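Encoded as structure tokens, the structure appears first; notes follow it.
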Amino acid sequence: MKKTQNKQLPKCLTGIQGLDEITGGGLPKGRPTLICGSAGSGKTLFSVEFLVRGATEYGEPGVLMAFEETAEELTENVTSLGWDLTQLVEEKKLSIDHVYIDPHEIQETGEYDLEALFIRLGFAIEEVGAKRVVLDTIETLFMGLSNASIIRAELRRLFQWLKSQGVTAIITGERGEHSLTRQGLEEYVSDCVIRLEQRTTEELTTRYLQIVKYRGSSHGSNEYPFLIEEEGISVLPITSVGLNHEVSNDRISSGIPRLDTMLDGRGYYRGSSILVTGMAGTGKSTIAAHFAQATCQRGERCLYLATEEAPQQILRNMLSIGLDLHQYIEKDLLRFEAVRPTAYGLEMRLVKIHNWIKEFQPRSLIIDPMSNMSLSGNTRQSKAFFMRLIDFLKSEKITVLLTDLTPGGTPLERTEIGVSSLMDTWLEVRTLETNGERNRLLYILKSRGMEHSNQVREFLLTKQGIELIDVYVGQGTFLTGTARAAQKAQEEFEQLSRLQKFEQKKRELESQTEILEAQITALQVQLKTQHEVLDSMIKQAENNQKNFLKNQEVMVKLRKGD
Amino acid sequence: MVNEEEFEQDIIDSLEQAINQQDRRYYVLRLYIAGTTPQSIQALQNLTKICEEYLKERYELEVIDIYQNPAMAVPGNIFAIPTLIKQLPPPLQILIGNLSNTEKVLVGLDICSIQNHV
């Protein structure tokens with residue numbers, strides 16, 4: 001495997017953000033590359049950046065042969081990108097030569113060749129010791145000169161000559177109707193062909209770059225969106241090459257203690273992606289704000305991308321539930337960026353986010369709501385957008401919390417953009433309409449890599465923020481809100497009455513016992529009396545007997561008869 | 001029947017006459033060549049011939065070999081070889097090619113306008 005890699009063509013890093021990644025190391029070194037595209041697709045800028053990066057970052061001076069614009073025009077055009085061509089020219093890192101061809105001024109009087117171009121190029125290359133050459137746009141020759149066969153022969157010679165000079169060259173060409181370039185330049189440049197295109201879909205314009213051909217090298221063959229922004233071109237590979245982010249076992253609080261408990265007691269994983277879905281008015285933003293607060297409380301930075309509400313409005317609303325986010329803004333821990341998604345295409349937005357992250361270095365990112373993003377692109381584009389964004393965030397170990405509005409009437413547990421599979425933790429906030437009221441419920445649909453609670457919690461927005469309360473589950477029913485409260489009251493009442501009944505019964509029984517005991521006492525007294533009577537009767541009887549016997553004796557004595 | 005040769009000779013005569021009578025302008029010409037390539041040599045030969053014929057003693061020709069003076073190609077914005085630049089009289093004219101098409105050269109140098117005479 002390694003051997004084949006070594007055998008690959010030597011490459012020349014362009015320094016253009018993302019392009020070297022797609023091409024696996026840049027353009028073919030020492031060979032010409034054709035860049036074709038329609039007018040305004042960024043060909044010239046692309047070439048100029050190639051030269052500027054070469055001169056400033058790779059120590060490779062360059063020559064720019066411009067057929068359309070003068071050196072002054074070119075310099076002016078790229079000043080806004082922070083490139084000072086004049087300085088580069090002064091430092092002998094760049095040579096700009098403007099070849100001006102006006103067909104009205106020129107008379108062709110016989111056979112000729114373009115030897116002077118070669119001489120000029122060679123002279124410029126020698127002057128700065130150039131390793132890079134740009135010819136922009138050589139097709140102008142065809143418009144200025146009528147003898148196409150001479151030009152074709154000379155171009156073939158030119159490209160051969162460029163190769164022999166060992167310079168990495170870019171030749172730009174205007175897009176043709178049925179071919180890559182109007183004049184079929186692709187015939188002459190066989191090593192690498194890059195196509196630039198600008199397309200407008202649903203009123204949003206996106207630039208695309210595609211590597212049509214790269215001889216002797218593997219390359220990404222997709223259309224890659226690219227942007228022209230403040231610092232030049234940036235090409236965004238649709239997905240990062242592999243899923244080999246370093247994962248963190250670090251856990252961070254969601255800002256809602258009870259939710260942390262539900263999430264295995266420790267909250268979210270750092271660097272994970274969290275999705276909060278729910279219908280309108282279910283409190284998604286509040287969950288996000290809690291997370292922002294928790295991030296700032298740890299002393300970490302949080303970037304809040306508000307795509308729907310103005311930051312001031314969010315601040316005010318959060319203050320009403322006791323979340324003072326303003327203090328964190330002052331401490332530069334929290335930053336709001338509010339841009340209507342329709343203001344840019346998805347690509348532009350992605351780069352904006354990249355730039356904000358680069359600049360602000362947040363540890364957490366909140367996008368509220370992500371559903372708004374899908375306005376500026378179709379579902380497939382949106383999914384690709386989020387995939388790339390989340391890939392990027394994961395590689396930077398930034399925790400991202402996205403809220404998503406579930407439109408009414410769609411099946412729950414399905415996101416609009418179909419990004420649920422990208423999410424590590426998915427919280428669903430749902431409203432339940434019963435007995436003339438709506439109650440919020442929160443549950444964890446999934447949370448990768450942790451033993452999360454399967455319980456549904458009732459979600460209350462109080463002056464102190466979010467409170468999660470157990471819902472009533474029992475007797476085969478499931479109640480929330482006032483119904484839950486009513487049920488609770490009912491139960492309390494029932495409990496009380498049961499208690500009262502018990503007390504009553506107890507008292508009844510007690511009094512009955514008392515009565516019985518009294519009866520027992522009475523009977524005992526009676527018994528005792530009877531015993532006493534009996535005793536006295538027995539005694540009396542005995543006495544009587546004694547007396548009788550005594551009397552008998554007396555009688556006997558008195559009678560003395562016998 | 002008109003004798004063609006005579007006719008042509010007539011034209012040329014009248015042309016020369018016209019030129020000699022009216023055109024007293026001084027020509028400053030500059031020819032860019034690349035060493036001794038066939039085109040360069042041919043151009044030089046063609047130009048010398050035309051000049052001698054039409055601009056005798058009222059022209060100045062500078063021949064620049066860009067092989068020897070590569071830096072000279074840039075200020076003159078030379079891309080094709082050979083290139084002839086008519087610097088004077090105004091307007092500035094640029095002719096490329098080996099100057100084998102005499103008519104075009106004459107028109108280009110504003111020596112005469114063929115159409116007026118044909």
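The values are calculated or read from the model by the stated rules, or taken from the named source; none is laboratory data. Everything quoted here is computed from the prediction, not taken from an experiment. Virtual Cβ from ideal backbone geometry, glycine too; neighbours counted across all protein chains shown. We work out accessible area using only protein heavy atoms, side chains counted, and drop any ligands, DNA or RNA first. Shrake-Rupley method; radii C 1.70, N 1.55, O 1.52, S 1.80 Å.
Other protein chain C-beta atoms within 10 Å of residue C-beta, averaged over B:75-86: 6. Straight-line cross-link partners of A:K550 among the lysines, defined as a Cα under 23 Å from its Cα and at least 8 positions apart when in the same chain: A:K539, A:K560. Solvent-accessible area assigned to carbon and sulfur over the protein assembly as shown amounts to 50 percent, based on a 1.4 Å probe.
Summed over qualifying helices (DSSP H, 4 residues or more, each -39500 (n - 2.57)) and divided by its residue number, chain A shows a 222 nm mean residue ellipticity of -13000 deg cm²/dmol. Here the contact order of chain A, divided by its residue count and restricted to Cα pairs under 8 Å and six or more residues apart, works out to 12 percent.
Across chain A, the fraction of Cα-Cα pairs farther apart than 36 Å, rounded to a whole number, is 56%. Label the range A:80-132 by shape, choosing from rounded, prolate and oblate, from the square roots a ≥ b ≥ c of the eigenvalues of the Cα gyration tensor; if a/c is under 1.5 it is rounded, and otherwise prolate applies when a/b is larger than b/c, oblate when it is not. Oblate shape, in that a/c is at least 1.5 and b/c is the bigger or equal ratio.
When the residues A:R157, A:R507 are ordered by accessible surface, computed with a 1.4 Å probe over the protein chains alone, the sequence from largest down reads A:R507, A:R157.
Compactness ratio for the range A:429-503: Cα radius of gyration over 2.2 N^0.38 Å (N = residue count) comes to 1.37. Proximity of backbone amide H atoms, modeled 1.01 Å from N, is registered between A:I367 and A:L305, A:L401, A:L402, A:T403 at under 5 Å, excluding neighbours fewer than 5 places apart on the same chain. Buried surface between chains B and A: roughly 2100 Å² of accessible area, summed over both sides, computed with a 1.4 Å probe on protein heavy atoms only. Note that the protein assembly as shown presents 51 Å² accessible area per residue, ligands and nucleic acids not counted, probe 1.4 Å. Taking the longest Cα principal axis of chain A as reference, the axis of helix A:148-165 is set at about 70 degrees.
Taking a straight line from the alpha carbon of A:K463, these lysines sit under 26 Å away, with near neighbours fewer than eight places off in the same chain left out: A:K284, A:K331, A:K488. Axis of helix A:379-395 versus longest Cα principal axis of chain A: the two differ by about 80°, to the nearest ten degrees. Against chain A, whose longest principal axis comes from its Cα atoms, helix A:115-128 is set at around 60 degrees. If the segment from A:E451 to A:K539 were pulled out straight at 0.36 nm per residue, it would be longer than the present Cα-Cα gap by 22.5 nm. Taken about its Cα centre, the range A:2-235 carries a charge dipole of about 1600 debye when Lys and Arg each add +1 at the Cβ and Asp and Glu each add -1 at the Cβ. Loop-located trypsin sites (Lys or Arg not before Pro) across the range A:439-470 with a Cβ neighbour count of 12 or fewer within 10 Å are A:R448, A:K463, with loop assigned by DSSP.
With a ≥ b ≥ c taken as the square roots of the eigenvalues of the C-alpha gyration tensor of the range A:2-235, please select rounded if a/c is under 1.5 and otherwise prolate if a/b is larger than b/c or oblate if it is not? Here the range A:2-235 falls in the rounded category.
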